[in-house]
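Visitor: The structure that follows is given in the form of structure tokens.
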Amino acid sequence: MDDLLFILTYIAVAASAISGALEARKHQMDIVGATTIAFVTAFGGGTIRDLLLGRTPVFWVVDPGLTITTFVIAVISFYRLEYVSNRFLVFADAIGLGIFSILGATYALQLEISPIVAVLMGVITGIFGGVLRDVLTNQIPVVFGQSTELYATCSFIGTLLFVLLNATPLVNILPASLIGTLTVFSLRMLALRFKMTLPSP
Amino acid sequence: MDDLLFILTYIAVAASAISGALEARKHQMDIVGATTIAFVTAFGGGTIRDLLLGRTPVFWVVDPGLTITTFVIAVISFYRLEYVSNRFLVFADAIGLGIFSILGATYALQLEISPIVAVLMGVITGIFGGVLRDVLTNQIPVVFGQSTELYATCSFIGTLLFVLLNATPLVNILPASLIGTLTVFSLRMLALRFKMTLPSP
Amino acid sequence: MDDLLFILTYIAVAASAISGALEARKHQMDIVGATTIAFVTAFGGGTIRDLLLGRTPVFWVVDPGLTITTFVIAVISFYRLEYVSNRFLVFADAIGLGIFSILGATYALQLEISPIVAVLMGVITGIFGGVLRDVLTNQIPVVFGQSTELYATCSFIGTLLFVLLNATPLVNILPASLIGTLTVFSLRMLALRFKMTLPSP
């Protein structure tokens, strides 16, 4: 299970780094911009979570492996990537959204934060990498747009399910995490497939 | 006194949440954007204060009541609010500016931070919710504009007065807080009434 | 040595405060905007470093001297500065880049963070003041632009050299700091002189 989580985390971080570097290229940035945007996209949500919870030094500061991986992927993506399947990026991003959301809620629950705030912490971990990426590229965050397919909502529902399952005596944290992550992932893929958006006022 | 502070804080947070949700609607955001902007407007200043001072987990993480209130108000404002009196918003926002400023300085003084930095911490608590709201909606912060009526200035003067009163042996912290809050509030209402702005270079 | 560092830090902070205040004037901000942009430019990088490392209260909260200096310089620059030599600003900014970078890495090494992340922490300290300034003035950060002369790169190379020298038993931390700072500074001046930029994809 730990090995699986490890591999999935690196897939998620890699996807964030690639999409961050490509976003930077689209905005005529240089490699400094590309690596920064890659870092911010991959680590932004978890960093904000760690700061809000007081878990410092933040996670990537104490894990050089993640930092080096992101750096290398960002450099290669920026200079060498001619083509990347959008299907792969979307798929890996959805895995990342699932993992990051459940991890965020887990860390909050470890600190005996209230379940409601733990769900919020999961959503923040899942979406704020992209929010910070958009702020640094001078755009209104995509995730807030009326025509954006469900994103934070998938994170919210899956994380809520995880927190509820976790509160019951019936389910262990490992299966609860798996169910939560798969729920976020599946909802996101469904939302994209069926172009589901939130109702406007 | 504690009950009064409690009620006033909720009024201030409610006003921030309403104005945040309406701002999000103006920028064609969905409900995810609206609740995020509402949270950021209501909690942004206090969050930055807590992070700078090292008071973690930050205040709203350990107070689910505030989080739920803001969420509910944001959802209702976004979907149902046809009309809200601008007078009410401005009035409640000025109360919030007063409360947040004095609270910010109080927390800094509790950590035996120097009085000058405590005043600064009050101003940061008072104005950075709005600053972050404007950053996330891709605007130059309104509070920095030359044609904006005194805002940070009111917070600065009232908080300075509070810190000075607090340093004298004559006044207790409770009356000092009250005088400080009322000063911020009154100056802000006067600034709006008489369209007072800061001198340009 | 400590006296020299003290003087150089104040030169660097002064340069950041002046350029921040002038940037605010360019964007039609009032004095609130000018002092905020000055603070953010001067203290932003070090603040993010302190937050990521968990060094709280952050450095300027416990050093009122720096805060007052920045405030006074920002006010004077905003209202009175008719002309400032661009050569001075560029020169003082390059000193600041050098000092901030090496200081950032030093604080990280003190916490026994891995050398690679320490270098990153140096670069973050060096460049994020400018990044936050550009975010608050609603621009894509200049330091990420393809036509920007080497900036983060100078910080990276000099900080890497410092961390490597520091890891050898041959060099003490003081000479290593000096060599690192001078390397950052010299590279930056050379990059400007010869309009050196990073290769585009």
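Visitor: Can C:Ala118 be described as among the small types (Gly, Ala, Ser), open to solvent by less than 10 Å² (accessible area, probe 1.4 Å), in a helix (DSSP H, G or I) and within 12 Å of chain A (Cβ to nearest Cβ)? Can you show your working first?
Guide: Details: among the small types (Gly, Ala, Ser): yes; open to solvent by less than 10 Å² (accessible area, probe 1.4 Å): yes; in a helix (DSSP H, G or I): yes; within 12 Å of chain A (Cβ to nearest Cβ): yes.
Criteria met by C:Ala118.
Visitor: Is there a residue in the stretch C:79-92 that is among the β-branched types (Val, Ile, Thr) and within 21 Å of C:Arg55 (Cβ to Cβ)? Lay out the reasoning, then the answer.
Guide: First, the residues of the stretch C:79-92 that are among the β-branched types (Val, Ile, Thr): C:84, C:90.
When the remaining residues are screened for being within 21 Å of C:Arg55 (Cβ to Cβ), the result is none.
Scanning the stretch C:79-92 turns up no residue that is among the β-branched types (Val, Ile, Thr) and within 21 Å of C:Arg55 (Cβ to Cβ).
Visitor: Among the residues of the stretch B:142-159 satisfying the criterion of being at the interface with another protein chain (Cβ under 8 Å from one of its Cβ atoms) and more than 20 Å from B:Gly98 (Cβ to Cβ), which is most open to solvent (accessible area, probe 1.4 Å)? Lay out the reasoning, then the answer.
Guide: Of the stretch B:142-159, the ones at the interface with another protein chain (Cβ under 8 Å from one of its Cβ atoms) are B:143-146, B:148, B:151-153.
Of the ones still in play, those that are also more than 20 Å from B:Gly98 (Cβ to Cβ) are B:144-146.
Values: B:Phe144: 0, B:Gly145: 20, B:Gln146: 55 Å².
Across the stretch B:142-159, the extreme among qualifying residues is B:Gln146.
Visitor: Could you list all residues from the stretch C:128-141 that are closer than 14 Å to B:Asp134 by Cα and at the interface with another protein chain (Cβ under 8 Å from one of its Cβ atoms)?
Guide: Residues satisfying the conditions are C:Val135, C:Leu136, C:Thr137, C:Asn138, C:Gln139.
Visitor: What tally of residues in the stretch A:29-44 results from selecting those that are aromatic (Phe, Trp, Tyr) and either within 14 Å of chain B (Cβ to nearest Cβ) or open to solvent by 10 Å² or more (accessible area, probe 1.4 Å) (or both)?
Guide: Total satisfying the criteria: 1.
Visitor: Does B:Tyr83 fit the bill of being open to solvent by 40 Å² or more (accessible area, probe 1.4 Å), more than 30 Å from A:Glu112 (Cα to Cα) and within 11 Å of chain A (Cβ to nearest Cβ)?
Guide: No; evaluated as a whole, the condition is false for this residue.
Residue by residue, here is whether (1) without any contact (Cβ under 8 Å) to a residue 40 or more places away in the chain; (2) crowded, with 21+ Cβ neighbours inside 10 Å; (3) facing chain A (nearest Cβ under 10 Å) holds:
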| site | (1), (2), (3) |
| --- | --- |
| B:Ala17 | no, yes, no |
| B:His27 | no, no, yes |
| B:Gly46 | no, yes, no |
| B:Arg49 | no, yes, no |
| B:Ile68 | yes, no, yes |
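Visitor: Counting just the residues of the stretch A:160-201 that are within 14 Å of chain B (Cβ to nearest Cβ) and not hydrophobic (A, V, I, L, M, F, W, C), which one comes out least open to solvent (accessible area, probe 1.4 Å)?
Guide: Result: A:Arg188.
Visitor: Moving on. Taking the stretch B:71-80, which residues are among the β-branched types (Val, Ile, Thr) and surrounded by fewer than 23 Cβ atoms within 10 Å (Cβ to Cβ)?
Guide: If the condition is that a residue be among the β-branched types (Val, Ile, Thr) and surrounded by fewer than 23 Cβ atoms within 10 Å (Cβ to Cβ), then B:Val72, B:Val75, B:Ile76 are the ones that fit.
Visitor: Considering the stretch A:86-109 alone, what residues qualify as being away from chain B (no Cβ under 14 Å), of a type outside the set (A, V, I, L, M) and open to solvent by 40 Å² or more (accessible area, probe 1.4 Å)?
Guide: Correct list: A:Asn86, A:Arg87, A:Phe88, A:Phe91, A:Asp93.
Visitor: Further question on the same structure: Checking A:Arg55 against (1) surrounded by fewer than 24 Cβ atoms within 10 Å (Cβ to Cβ); (2) within 14 Å of chain B (Cβ to nearest Cβ); (3) in a helix (DSSP H, G or I), only one condition comes out false. Which one?
Guide: (3)
Visitor: So which residues in the stretch C:25-37 are among the hydrophobic types (A, V, I, L, M, F, W, C) and farther than 17 Å from B:Pro199 by Cβ?
Guide: C:Ile37 - this is the single residue of the stretch C:25-37 that is among the hydrophobic types (A, V, I, L, M, F, W, C) and farther than 17 Å from B:Pro199 by Cβ.
Visitor: Restricting to the stretch A:121-137, name every residue that is in contact (Cβ under 8 Å) with a residue 60 or more places away in the chain and either open to solvent by less than 40 Å² (accessible area, probe 1.4 Å) or not in a helix (DSSP H, G or I) (or both). Reasoning before the result, please.
Guide: Filtering the stretch A:121-137 down to residues in contact (Cβ under 8 Å) with a residue 60 or more places away in the chain leaves A:121, A:124-133, A:136-137.
If the condition is that a residue be in contact (Cβ under 8 Å) with a residue 60 or more places away in the chain and either open to solvent by less than 40 Å² (accessible area, probe 1.4 Å) or not in a helix (DSSP H, G or I) (or both), then A:Met121, A:Ile124, A:Thr125, A:Gly126, A:Ile127, A:Phe128, A:Gly129, A:Gly130, A:Val131, A:Leu136, A:Thr137 are the ones that fit.
The values are calculated or read from the model by the stated rules, or taken from the named source; none is laboratory data. This one's a predicted model, so the numbers in the text were calculated from it and none came from an experiment. Cβ: placed from backbone, ideal geometry, glycine included. Neighbour counts: every protein chain shown. In case anyone asks, the SASA skips ligands and DNA or RNA and just uses the protein heavy atoms, side chains included. Shrake-Rupley method; radii C 1.70, N 1.55, O 1.52, S 1.80 Å.
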